Amino acid sequence: LIAKNIPKRNMNYVTTGGTSGKPLGFYIEKRTDFIRIAFEWREWNWMGYEFGDRCVVLRGNVIKRKEHNEPSWWEYDRRHNYLILSVYDMTEENLMKYIQKIEEFKPKVIRAYPSALDILARFIKENNLSVNEKRNLKAISTSSENLYPIQRESIEQTFKCKVFDKYGNCEQTTILGECEKHEGYHDFTEYSYTEILDEEDEPVTVEGEIGQIVSTGFTNYAMPFIRYKTEDLVEYTSHNCTCGRQLPLIRRVKGRLQELIITKRGNLISMAALNMHSNVFNNVKQF
């Protein structure tokens with residue numbers, strides 16, 4: 001299934017996240033990542049986020065160790081103006097440091113796993129703390145996990161700004177994102193052709209019905225995914241968004257259920273952070 005007219009030097013070998021138990025290995029063109037980022041930036045612009053704005057990143061980044069090989073839980077990316085925080089060190093004794101660091105940095109936007117922000121929000125409430133009093137933080141971008149309504153409500157109340165959720169996959173076959181109206185997820189139709197099918201592989205056409213995303217990507221010609229079953233579930237709607245954008249709307253992303261791993265030190269780590277995008281796991285049959 002690999003294109004012969006694209007040099008191997010122009011491809012990257014990657015694997016799926018393995019959330020269904022067995023990762024799939026495949027090739028993508030190196031340019032595909034840049035195209036994906038362009039689409040993600042479109043949604044970030046809907047939040048009011050622009051190049052160079054202060055941004056806190058609380059995702060699966062592995063933080064480089066400081067001098068004398070001391071472990072660290074944060075680093076600053078000067079090129080992108082990112083304060084990057086570790087999701088692997090969110091212990092009870094560290095959470096106050098995380099909050100102080102965010103308040104000190106005064107970000108305009110936070111990009112994070114929903115579960116990581118939920119941990120922070122619960123800690124802030126339990127300790128009667130207050131953040132973002134001056135409203136420097138304008139929006140929060142979440143992705144990579146299912147965002148539950150109770151999480152959205154808690155995060156928005158605690159951080160005093162709106163959450164913009166995004167759906168994507170490493171196969172790079174569909175991107176869905178919320179706009180400022182929060183009436184559903186816009187399907188970025190220039191990026192892929194997305195179908196919503198029922199259990200009989202028929203198109204879902206009833207308002208509120210749940211179906212599976214089956215998508216054909218437009219950006220990766222090295223190893224094209226055509227009518228690819230993602231096993232991710234969404235709620236269908238025929239309504240248009242009142243924002244006026246003509247991109248089709250999906251009411252809700254049901255997604256796969258995500259859990260947290262609790263380490264012996266009490267760290268709560270998102271399952272999304274334990275991704276399997278590496279050939280390290282090629283010798284593991286199933287997990």
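Which of 218, 186, 279 sits closest to the plus end of the dipole of the chain, meaning its Cα is farthest towards the positive end, when Lys and Arg get +1 and Asp and Glu get -1 on the C-beta?
Farthest along the dipole direction, towards plus: 279.
Only Cα pairs within less than 10 Å get springs; with that Gaussian network setup on the chain, which residue of 246, 212, 172 has the largest fluctuation?
Greatest mean-square fluctuation among the candidates belongs to 246.
Considering only protein heavy atoms and a probe of 1.4 Å, how much of the accessible area of the chain is carbon and sulfur, as a whole percent?
50
What is the antiparallel percent of DSSP beta bridges lying wholly in the range 91-231, to the nearest 5?
60
Taking the chain as the reference, fit the longest principal axis to its C-alpha atoms, fit the long axis of helix 149-159 to the helix C-alpha atoms, and give the angle between the two in degrees, 0 to 90, nearest 10.
Result, in degrees: 40.
Give me the percent of DSSP beta bridges within the chain that run antiparallel, rounded to the nearest 5. Write out the running numbers ahead of the final one.
Details: 33 of 48 bridges.
Antiparallel: roughly 70 percent of the beta bridges in the chain.
Which one, 81, 148, 206, is farthest towards the positive end of the dipole of the chain when Lys and Arg carry +1 and Asp and Glu -1 on their Cβ?
Of the options given, the answer is 81.
Could you give the spread of the C-alpha atoms of the range 1-160 along their three principal axes, from largest to smallest, in whole angstroms?
60, 42, 35
With 23 Å as the cut-off, how large is the P(r) tail for the chain, expressed as percent of Cα-Cα pairs? Don't skip to the end; give the middle numbers.
Details: 23842 of 41041 pairs.
That tail contains 58 percent of the Cα-Cα pairs.
Can you compute the charge dipole magnitude of the chain about its Cα centre, using +1 on each Lys and Arg Cβ and -1 on each Asp and Glu Cβ, nothing else charged? Give it in debye, rounded to the nearest 20.
In total the dipole reaches around 1260 debye.
Express the accessible area of the chain per residue in Å², computed with a 1.4 Å probe while the remaining protein chains stay in the model. Provide the component values of the computation, followed by the final result.
On the way: 15630 Å² over 287 residues.
Per-residue accessible area for the chain comes out at 54 Å².
Shape call for the range 98-211 from the C-alpha gyration tensor, a ≥ b ≥ c root eigenvalues: rounded (a/c under 1.5), prolate (a/b greater than b/c) or oblate? The partial results should precede the final answer.
Numbers: a/c = 2.68, a/b = 2.21, b/c = 1.21.
Since a/c reaches 1.5 and a/b is larger than b/c, the shape of the range 98-211 is classed as prolate.
Between 0 and 90 degrees, rounded to the nearest ten: what's the tilt of helix 114-126 against the longest Cα principal axis of the chain?
Roughly 30 degrees, rounded to the nearest 10.
The values are calculated or read from the model by the stated rules, or taken from the named source; none is laboratory data. Everything quoted here is computed from the prediction, not taken from an experiment. Positions of Cβ are backbone-derived with ideal geometry, glycine not excepted, and every protein chain shown enters the neighbour counts. Only protein heavy atoms, including side chains, enter the accessible area calculation; ligands, DNA and RNA are left aside. Shrake-Rupley method; radii C 1.70, N 1.55, O 1.52, S 1.80 Å.
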